[in-house]
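The values are calculated or read from the model by the stated rules, or taken from the named source; none is laboratory data. Keep in mind the model is a prediction, meaning the values are calculated, not measured. Note that we place each Cβ from the backbone using ideal geometry, even for glycine, and neighbour counts take in every protein chain shown. Ligands, DNA and RNA are excluded from the accessible area calculation, which covers all protein heavy atoms including side chains. Shrake-Rupley method; radii C 1.70, N 1.55, O 1.52, S 1.80 Å.
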Amino acid sequence: MEKVKVVAPATLSNLGSGFDVFGMALAEPFDHIEARKTSEPGVTIEAIEGWGAEGITTDATLNSAGVAAAEVLKKCEADFGIALTIKKGFRPGSGIGSSGASAAGGAVAANILAGKQLTPRDVVVCAAESERVTSGSFHADNVGPCVLGGFSVIRSYEPLEIKRVQPPKNLGIVIVMPSFTVKTLDARAVIPQQVALHDMIYEVGNAASLVLGMCYEDIELIGKSMSDVVIEPARAKLNPGLNEAKEAAIEAGAAGAFLGGSGPCVIAAYDLTYVDGQTILEAMLGSYERAKIAIDKTWITTWGEGCRSL
Ligand code: HSE
């Protein structure tokens with residue numbers, strides 16, 4: 001194969017209680033990554049288009065998709081290079097895995113051109129290396145589900161062990177994206193390095209219950225377990241309107257609500273059999289309006305599959 005087009009979905013990370021551990025692929029929005037083989041070794045970025053493209057580097061050694069594709073080529077000892085075109089479907093600094101989607105898409109496209117030599121788990125490792133370069137930390141909770149689809153749990157980082165779990169069909173997701181941006185690097189600088197024992201007990205109880213909720217298809221349990229007393233409170237100062245938007249979502253019928261990754265997106269989860277996503281969305285928008293915080297974009301969506309070629 002000489003060229004390939006890959007769709008790379010946005011992803012939710014943390015889901016409240018699972019900081020750096022939980023992630024979920026979304027049905028929308030997504031990036032498109034086009035990759036073609038070149039006889040010159042190495043990776044080049046031919047073009048970046050779409051939402052926020054003007055702020056994204058075309059230096060392949062610093063670009064999410066470029067770094068991830070180069071990691072794959074190195075692991076496969078490829079004797080060819082890759083030229084990438086990136087079409088952004090959602091902006092960087094969103095909290096729904098913008099850099100992760102480009103990284104995962106770049107890694108998956110490179111692996112397809114290399115004859116699928118790497119396992120999905122190794123593709124995730126290559127994409128997570130890219131997150132290290134672009135956000136300063138090796139975290140796989142966006143790139144993991146972006147490659148694997150569905151909901152994922154990272155059991156271990158050293159070595160990386162990641163499990164995919166099928167979420168319930170009726171899990172609805174509302175996303176509200178305020179117009180300000182938050183850099184993951186900055187959001188990671190404000191989180192505590194020590195956790196009190198009672199907070200650890202709270203987080204483990206909720207995280208374990210959230211996974212049970214996925215397995216039992218119990219959306220009420222999933223939503224209730226999206227509760228976090230360590231990371232989100234520390235990040236609230238970077239995300240004005242967060243607590244009010246979460247409260248508004250729950251009052252309007254959401255099962256749970258949380259900060260998307262490092263922010264600023266706020267996410268509500270609900271049972272789409274019984275609750276109207278539009279009602280939740282309007283309640284969240286009302287809370288931002290009262291706080292005089294502008295909104296860039298909203299989605300009413302659900303979970304989805306991972307990167308796939310077109
Ligand atoms: N788990 C990461 C964080 C995701 O919250 O910092 C960043 O997108």
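How long are the three semi-axes of the equivalent ellipsoid for the chain, computed from the Cα gyration tensor as the root of 5 times each eigenvalue, in whole Å, largest first?
On the way: eigenvalues 202, 79, 64 Å².
They are 32, 20, 18 Å, listed from largest to smallest.
Could you run the Karplus curve 6.51 cos²θ - 1.76 cosθ + 1.60 with θ = phi - 60° over segment 16-30 and give me ³J(HN,Hα) per residue in whole Hz, x for Gly and Pro?
x, 7, x, 3, 6, 10, 9, x, 8, 6, 9, 5, 7, x, 7
Under a plain spin-label model, where a point goes 7 Å from the Cα along Cα-to-Cβ, how far apart in nm are Glu40 and Glu161?
4.3
Roll a 1.4 Å probe over the protein heavy atoms and report the accessible area of Ile250 in Å², nearest 10.
90
Which ³J(HN,Hα) values in Hz, rounded to whole numbers, follow from the phi angles of segment 256-273 under the Karplus curve 6.51 cos²θ - 1.76 cosθ + 1.60, where θ = phi - 60° and Gly and Pro get x?
x, 8, 7, 7, x, x, 8, x, x, 4, 10, 10, 10, 10, 8, 8, 6, 6
Just subtract the alpha-carbon distance of Thr58 and Asp186 from 0.36 nm times their residue separation and send over the number in nm, one decimal.
Once the chain is fully extended between Thr58 and Asp186, it gains 43.8 nm.
Please report the Cα spread of segment 210-310 along all three principal axes, rounded to whole Å, starting with the longest.
37, 35, 31
Can you give the calculated 222 nm mean residue ellipticity of the chain, where each DSSP H run of n ≥ 4 adds -39,500 (n - 2.57) and the sum is split over every residue, rounded to the nearest 500 deg cm²/dmol? Kindly include the intermediate steps, with their values, before the conclusion.
Values: 10 runs with 111 residues, N = 310.
That calculation yields -11000 deg cm²/dmol at 222 nm.
Taking the alpha-carbon distance from Lys74 and a cut-off under 16 Å, which aspartates and glutamates remain once sequence neighbours fewer than 8 residues away in the same chain are dropped?
Glu40, Asp122, Glu129
How about segment 20-79: which GluC sites (Glu not before Pro) there lie in a loop by DSSP and see at most 14 other Cβ atoms within 10 Å? Numbers along the way, then the final one.
Numbers: sites: Glu34, Glu46, Glu49, Glu54, Glu71, Glu77; in loops: Glu77.
For GluC sites (Glu not before Pro) across segment 20-79 that sit outside H, G, I, E and B with at most 14 neighbouring Cβ atoms in 10 Å, the list reads Glu77.
Whole angstrom only: what separates the Cα centroid of segment 220-291 from the Cα centroid of segment 9-23?
Computed from Cα coordinates, the inter-centre distance equals 14 Å.
Quick one: pull the percent of accessible area on segment 171-302 belonging to carbon and sulfur, 1.4 Å probe, ligands and nucleic acids left out. Intermediate values should be presented prior to the final figure.
Values: 3410 of 6220 Å².
In segment 171-302, the share of accessible area belonging to carbon and sulfur is 55 percent.
Applying 1/(1 + (r/R0)^6) with R0 = 22 Å to the Cβ-Cβ distance of Ala47 and Leu310, what FRET efficiency is obtained, to the nearest 0.05?
On the way: r = 17 Å, r/R0 = 0.79.
Once rounded, the FRET efficiency stands at 0.80.
Under a cut-off of 18 Å between alpha-carbon atoms, report the aspartates and glutamates in cross-link reach of Lys116, not counting same-chain residues fewer than 8 places apart.
Leaving aside aspartates and glutamates fewer than 8 places away in the same chain, those within reach of Lys116 are Glu2, Glu34, Glu71, Glu77, Asp79.
Going through segment 113-199, which chymotrypsin sites (Phe, Trp or Tyr not before Pro) have at most 15 other Cβ atoms within 10 Å and a DSSP loop state?
Working: sites: Phe138, Phe151, Tyr157, Phe180; in loops: Phe138, Phe180.
Loop-located and lightly packed - Phe180.
In nm, give the distance between the simple-model label positions of Ser179 and Asp296, each being 7 Å from the Cα along the Cα-to-Cβ direction.
1.2
Among all the lysines, which ones have a C-alpha under 25 Å from Lys183's C-alpha, if same-chain residues fewer than 8 places away are not counted?
Lys87, Lys88, Lys237, Lys246, Lys292, Lys297
So for segment 101-245, averaging the separation of alpha carbon pairs under 8 Å that are six or more residues apart and normalising by length, what relative contact order in percent results?
Working: 148 pairs, mean separation 23.3, N = 145.
The value is 16 percent.
Could you check which residue among Ala69, Ala128, Ala27 shows the biggest mean-square fluctuation in a GNM of the chain with a 10 Å Cα cutoff?
Ala27
Rolling a 1.4 angstrom probe over the protein chains, ignoring ligands and nucleic acids, what is the accessible area of Val21 in square angstrom, nearest 10?
50
Give the long-range amide H neighbours of Ile295: residues separated by 5 or more places, or on another chain, with amide H under 5 Å away, using H modelled in the peptide plane at 1.01 Å from N.
Amide H neighbours of Ile295: Ser179.
What number comes out for the charge environment of Lys88, summing +1 per Lys or Arg and -1 per Asp or Glu over other residues with Cβ under 14 Å away?
Details: positive: Lys87, Arg91, Lys297; negative: Glu28, Asp31, Glu34, Glu49, Glu54, Asp296.
Computed value for this residue: -3.
What percent of all Cα-Cα pairs in segment 3-166 falls into each 10 Å bin, going from 0 up to the bin containing the maximum distance?
That works out to 13, 46, 33, 8, 0, in percent per bin.
How many percent of the accessible area of segment 3-166 is carbon or sulfur, using a 1.4 Å probe?
Values: 2950 of 5790 Å².
C and S atoms contribute 51 percent here.
Can you work out ³J(HN,Hα) from phi for every residue in segment 235-242, in order, using Karplus 6.51 cos²θ - 1.76 cosθ + 1.60 and θ = phi - 60°, giving whole Hz and x for Gly and Pro?
In residue order, the calculated couplings are 8, 4, 5, 8, 10, x, x, 4 Hz.
Quote the relative contact order of the chain in percent (integer), defining contacts as alpha-carbon pairs under 8 Å separated by 6+ residues. Can you show the working numbers first?
Values: 808 pairs, mean separation 73.4, N = 310.
The value is 24 percent.
Per residue, how much accessible area does the chain show when a 1.4 Å probe rolls over the protein heavy atoms, in square angstrom?
About 42 Å² of surface per residue is accessible.
Full extension from Lys169 to Glu28: what is 0.36 nm times the residue separation minus their Cα-Cα distance, to one decimal in nm?
Additional length available on full extension: 49.2 nm.
Loop only per DSSP, at most 16 neighbouring Cβ atoms within 10 Å: give me the trypsin sites (Lys or Arg not before Pro) in segment 122-203, ordered by residue number.
Details: sites: Arg132, Arg155, Lys163, Arg164, Lys169, Lys183, Arg188; in loops: Lys169, Lys183.
Answer by residue number: Lys169, Lys183.
Return a whole-number percent for the relative contact order of segment 171-302, with Cα pairs under 8 Å and 6 or more residues apart as the contact set. Walk me through the numbers on the way to the answer.
Numbers: 234 pairs, mean separation 52.7, N = 132.
Taking the mean separation of contacting Cα pairs over the length of segment 171-302, I get 40 percent.
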